[in-house]
Amino acid sequence: MLQTDVIIIGAGASGLMCAAIAAKRGRRVLVLERANKVGKKILMSGGGRCNFTNLYVEPENYLSHNPHFVISALSRYTQWDFLGLVGDYKIPYEERKHGQLFCLNSAKDILNMLLAECDKTGKVTIQTSTEIASVEMDPEGHFVLNTNQGNYRCESLVVASGGLSIPTLGGSGFGYELARQFGHHVYPTRAGLVPFTFSNQFKAVTERLSGNALDVSLSNQDAEFTEALLFTHRGLSGPSSLQLSNYWQVGSPIYINFFPTLNIGQWLIEKKQSQPKSLLRTVLGEIMAKSIVLELQQLIWPQHSETALGQLPDAVLQEIARQLQHFEQKPSGTEGYRTAEVTLGGVDTTELSSKTMESKKQKGLYFIGEVMDVTGHLGGFNFQWAWASGVAAGQVV
Ligand code: FDA
């Protein structure tokens, strides 16, 4: 049986970061990866350019049943620390909207950087195509892992196997099962940062508008995001939908404000005075794609479609404006784990140390990254959590 200091389950974002940091302290690290390649999600992230962190990381950018948990790790390994590493490797990057930082060339730069950090010490071994059949404790308090490639023994075991999202990129429930095996509570999981789907008459609308995008405010009772909305064949996507999906519960409505920066009621009344002979769709066509206006006309003011603005009472215009700024729709669901960027829920963080990520139930057992009940907003926050939690554990395992 091969004996090592640390075994990390999962060669993704958090696992590779943790491996590099632990190896720098002289620890011998074995990373066991089920897939045939490492870091698949990193490579696919940010449309292949990896939105690796964000300039404005705050605890408020994370959802968790235990919201204070993230503070310690995020403050001890910040976006500036990660940027320092990116700078050391001279990786070109750019800032996009809302402080999001993306590689200029390719997400490969980030993966190669992590692998180079792991290689530096010669103390990290990464083994792919490894299926872990069981994890047990031996009488000396070491972990024993039985795998299809042999049996391994270690002092510290780090679970970095991520969440359920996108099974083809490595999404798995392994970490949750292992947590339960060691007596941990696991919050129910659901797909996050994922497009909405519809089965009502609005589905046909999104199909017809598929490919159209516009800036909106999308909200529900818990959150509001002013970002782009994209119509798709299945429903609504784009950053605003992905962001709101983290806060959405099945059966509840969402509200679209099609004019987040305009008092559209007042604007319509002004238009009524300046262009009384125009139709509503004509004036709205000045500030919105005509195809979207035509669909909204069918849904909101079909009975007034051929009435000149001058003939429409102000109260009617105000009611149409209200609907345009508070357009209610009830998604039938989301696209689910097949396309979700993250998994909400997971290992209950009240049973972990916020400084080290160690289990309070089993000495030597650690959970890092997405497997925990910590989910970031869209914009590089999930990777920053993977880096920060990976470093926190890497410093002590
Ligand atoms: P990650 O998923 O990175 O790694 C887990 C690893 O464990 C995988 O390699 C998996 O194969 C392996 N594994 C699973 N089960 C195993 C088992 N039983 N045995 C051994 N290995 C096992 N975030 C962000 O901040 N900016 C972005 O641009 C994007 N973009 C993005 C795009 C897409 C398409 C997705 C799906 C996700 C993103 N994300 C993102 C989210 C981000 O990728 C995610 O939050 C982190 O990768 C999580 O890091 P982890 O290390 O926790 O898991």
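With Kirkwood's inverse mean 1/r over C-alpha pairs for Rh, give me the Rg to Rh ratio of the range 207-323, two decimals please.
For the range 207-323, the value is 1.00.
Looking at VAL347, HIS142, GLN181, which one has the Cα that reaches farthest to the positive end of the dipole of the chain (charges on Cβ: Lys, Arg +1; Asp, Glu -1)?
Of the options given, the answer is HIS142.
Arranged from highest to lowest average of other beta-carbon atoms within 10 Å per residue, in what order do the peptides 94-100, 265-271 appear?
The packing order, highest mean first, is 265-271, 94-100.
Ranked highest first by the average count of other Cβ atoms within 10 Å around their residues, in what order do 146-154, 61-69 fall?
61-69, 146-154
Greater than 28 Å separation of Cα atoms is the criterion. Which listed pairs, LYS24/LYS97; LYS37/LYS123; LYS203/LYS271; LYS90/LYS120; LYS40/LYS97; LYS123/LYS363, meet it?
Pairs exceeding the cut-off: LYS24/LYS97; LYS203/LYS271.
Compare the Cα positions of GLN311, GLY285, THR261 along the charge dipole of the range 195-335 (+1 at Cβ of Lys, Arg; -1 at Cβ of Asp, Glu; about the Cα centre) and return the one farthest towards the positive end.
It is GLN311, whose Cα lies furthest towards the positive end.
In whole angstrom, note down how far apart the Cα centers of the range 1-54 and the range 151-191 are.
Computed from Cα coordinates, the inter-centre distance equals 14 Å.
Of TYR247, TYR77, VAL31, which is farthest along the charge dipole of the chain in the positive direction, counting Lys and Arg as +1 and Asp and Glu as -1 at C-beta?
My answer, from the dipole projection, is VAL31.
Can you give the direction-averaged projected area of the convex hull of the alpha-carbon atoms in the range 220-261, in nm²?
Averaged projected hull area, Cα only: 3.1 nm².
How charged is the neighbourhood of THR307? Take every other residue with its Cβ under 15 Å from the Cβ of THR307, and add Lys/Arg as +1 and Asp/Glu as -1.
Summing Lys/Arg as +1 and Asp/Glu as -1 gives +1.
What size of dipole, in debye to the nearest 20, comes out for the chain about its Cα centre when the only charges are +1 on Lys and Arg C-beta atoms and -1 on Asp and Glu C-beta atoms?
Rounded to the nearest 20 debye, it is 560 debye.
So how strong a dipole does the range 1-60 carry about its Cα centre when Lys and Arg Cβ are +1 and Asp and Glu Cβ are -1, to the nearest 20 debye?
Numbers: 9 positive and 4 negative charges, 63 e Å.
Magnitude of the dipole: close to 300 debye.
What's the local net charge at GLY364, with K and R +1, D and E -1, over the other residues with C-beta under 14 Å away?
Spelling it out: positives minus negatives among the neighbours equals -1.
Calculate what fraction, in whole %, of the accessible area of the chain sits on carbon and sulfur atoms when a 1.4 Å probe is rolled over the protein chains.
Using a 1.4 Å probe with all protein chains present, the chain comes out at 51 percent carbon and sulfur.
Percent antiparallel among DSSP beta bridges with both residues in the chain, to the nearest 5? Before the final figure, lay out each step's value.
Working: 45 of 64 bridges.
Bridges in the chain are about 70 percent antiparallel.
Which log10 I(q)/I(0) values, to two decimals, does the chain give at q = 0.08, 0.11, 0.13 Å⁻¹ under the Debye formula with one point per Cα?
Here log10 of I(q) over I(0) equals -0.49, -0.79, -1.00.
At 1.4 Å probe size, put ARG208, ARG49 in order of accessible surface, largest to smallest.
Details: ARG208 150, ARG49 95 Å².
Ranked list, largest accessible area first: ARG208, ARG49.
What base-10 log of the normalised intensity I(q)/I(0) is obtained for the range 94-156 from the Debye formula, alpha carbons as equal point scatterers, at q = 0.17, 0.25, 0.26 Å⁻¹?
Once normalised to I(0) and log-transformed, intensities are -0.79, -1.05, -1.08.
The values are calculated or read from the model by the stated rules, or taken from the named source; none is laboratory data. On a predicted model such as this, the values are computed, not experimentally measured, just so you know. Positions of Cβ are backbone-derived with ideal geometry, glycine not excepted, and every protein chain shown enters the neighbour counts. With ligands, DNA and RNA removed, areas are computed over all heavy atoms of the protein, side chains included. Shrake-Rupley method; radii C 1.70, N 1.55, O 1.52, S 1.80 Å.
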